[in-house]
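Shown next, in structure tokens, is the structure this report addresses.
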Amino acid sequence: MIEALELTTVLVTLLQQGGQTVEAAPAIPTGAAAALAVGLAALGAGYAERGIGAAAVGAIAENDEMFGRGLILTVLPETLVILALVVVFV
Amino acid sequence: MIDTEKTSGPGNYEYVIARVRSRRASLFDDDDYRKLTRMGPGEIARFMEESEYESEMNALGARHSGVDLIEYALNRNVAKHFEDLLRWSEGELYGYIARYLRKFDVWNVKTIVRGKYSGESRENVETDLIRAGEFDEGLLDELLAAGSIQGVIERLDSTRYGDALAAAYEEYEETDVLVPIENALDRAFYEDLLTGLPTEPSRPMELYVEFLSAEVDFRNLRNAFRIARSGADMEAAEYYIEGGDLFTPAEIRQLAGDMDRLVEHVRQSRYGEELRDGLDALEEAGSLLEFERAVDAALLEYSRRLSSRYPLSICPVLAYVLAKEREVDNIRAIARGREGGLSQEEIENELVIL
């Protein structure tokens, strides 16, 4: 988490500096920014899935019928990445 | 022997709690108890064969029968479940659970000492042990093989209970009652639970302490009421367990002699709400038994509330341990009650059901 925050502060300062020196072009090209957005979203989704996945495996170990429900709940944070993917096409 | 510092890191709460919740859901409910209270010992055994206790009942069915079979199956099942808890957990969570499960070491030592006191055979005592604690098979075997209570206490000298037991043994020799020894064990256990924790304060540890101080409070409460009720001239502070926040030693010494003030003190405390029914029953009927059941039920209720308020903490695990113990006690009470020919109503009065 902390690394991600540091990364964003670095990026923000980079952007600000970029804004001062070169007025027209952004500091990171749009393509790279979109890639970054998707990457960060995937990181967040992965972190969320870690806990849910552990709980789901626990539930399945106790009761096989939980497999379907556990699977659905585990991949639910994946929607974050799909939404972030929208950024690439805008 | 359980090592309390197994691995580092906060622990895998999600996994353990998902499993614990599932197991908690499969405990017997009201309906099951209602059915059980109408059954005879044989039927209870059959009912258990079709439930959670199936494998234990089958494993022990050839050697035992009747109520004994039920009791041994219960003990073995409890040990299995609590060992599972340790098998699943990692990191600090493991440490907390392992500390709490030392409860069963205390139970085992008490059982062995009682067995020696009443001259039971080794086999009879052995089947009553719950092998879920910190002591390994070797130590338990040694304890079982010891010739006398003194022998048992000498063998425990190097464990955490050594000092407390040595002091209690002298008292035992003078009075020839087991109370000092059992009391010393309980105190050593509860005081160990709440001391020697990692010094760095953290959220999980706060919750662990909150849960256990409630348990210590309830135990102090029960002791205080027993002393007040029996009117015995006992030093209440001797039975006081450190770590709770309902009483201070000075308060308990003052209050233990006076039932009305004790009731008033509890009403004012933060458990007043949960214990209201029990306190009313106590004041009206003066029935201590009913009150103690209310205390048990209130502790269960409180533990359940803590575990839903803090879902990813040690609380659900400890609440499960309490609930499971309660179930085992209930089934045992039903089976023994039926065997002794108690009526359905009398047995229902013995049960603690939420």
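The values are calculated or read from the model by the stated rules, or taken from the named source; none is laboratory data. Bear in mind that the values here come from a model prediction, so they are computed numbers and not experimental data. FYI the Cβ positions are ideal-geometry reconstructions off the backbone, even for glycines, and counts take in every protein chain you see. These area figures cover heavy atoms from the full protein model, side chains too; ligands, DNA and RNA do not enter into them. Shrake-Rupley method; radii C 1.70, N 1.55, O 1.52, S 1.80 Å.
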Exercise. Can you run phi through the Karplus equation (6.51, -1.76, 1.60; θ = phi - 60°) for segment A:32-40 and list ³J(HN,Hα) in whole Hz, with x for Gly and Pro?
Worked result: 5, 5, 5, 4, 4, 4, 5, x, 5
Problem set entry | Length gained when the stretch residue B:166-residue B:191 is fully extended (0.36 nm per residue, less Cα-Cα span) | 7.3 nm
For this session: Could you tally the net charge around residue B:57, taking each other residue with its Cβ under 11 Å from the Cβ of residue B:57, Lys/Arg +1 and Asp/Glu -1?
Result: -3
Problem set entry | Overall dimensions of the protein assembly as shown as given by Cα atoms, namely Rg and Dmax in Å | 27.3, 95
For this session: Using a 1.4 Å probe over the heavy atoms of the protein chains, calculate the carbon and sulfur portion of the accessible area of the protein assembly as shown as a whole percent.
Result: 53
Problem set entry | Integer Hz, Karplus 6.51/-1.76/1.60 couplings in order for segment B:345-351, x for Gly and Pro | 5, 4, 5, 4, 5, 7, 8
Problem set entry | Where N is the number of residues in segment B:292-336, Cα Rg divided by 2.2 N^0.38 Å | 1.25
Exercise. Averaged per residue, what accessible area in Å² does the protein assembly as shown show with a 1.4 Å probe, protein chains only?
Worked result: 51
For this session: Please work out how many pairs of lysine residues in chain B are eight or more positions apart (or on different chains) and have Cα atoms closer than 27 angstrom.
Result: 12
Exercise. What number, in percent, do you get for the relative contact order of chain B if the mean sequence gap of Cα pairs under 8 Å and at least 6 apart is divided by its residue count?
Worked result: 20
Problem set entry | For segment B:1-101, the Rg and Dmax computed from alpha carbons only, in angstrom | 16.6, 50
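What percent does the relative contact order of segment B:208-354 come to when contacts are Cα pairs within less than 8 Å and at least six residues apart?
Result for segment B:208-354 is 19 percent.
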Problem set entry | Net charge of neighbours whose Cβ lies under 12 Å from the Cβ of residue A:74, counting Lys and Arg as +1 and Asp and Glu as -1 | -1
Exercise. Counting only protein heavy atoms and rolling a 1.4 Å probe, how much accessible area do A and B lose on contact, total for both sides, in Å² to 100?
Worked result: 600
Exercise. Out of every Cα pair in segment B:213-354, what percent are spaced more than 25 Å from each other?
Worked result: 33
Exercise. With a sphere of radius 13 Å drawn around the Cβ of residue B:248, what net charge do the other residues whose Cβ falls strictly inside it have (Lys, Arg +1; Asp, Glu -1)?
Worked result: -3
Seminar exercise, completed: So the FRET efficiency between residue B:22 and residue B:238, C-beta based with R0 = 35 Å and rounded to 0.05, is 0.25
For this session: Report Rg (one decimal) and Dmax (nearest whole number) for chain B, counting Cα atoms only, units Å.
Result: 20.4, 55
For this session: Go ahead and run the numbers for FRET between residue B:157 and residue B:39, Cβ-Cβ distance against an R0 of 51 Å, rounding to 0.05.
Result: 0.65
Exercise. Taking only DSSP H segments of four or more residues, each worth -39500 (n - 2.57), what value at 222 nm results for the protein assembly as shown once the sum is divided by all its residues, to the nearest 500 deg cm²/dmol?
Worked result: -23500 deg cm²/dmol
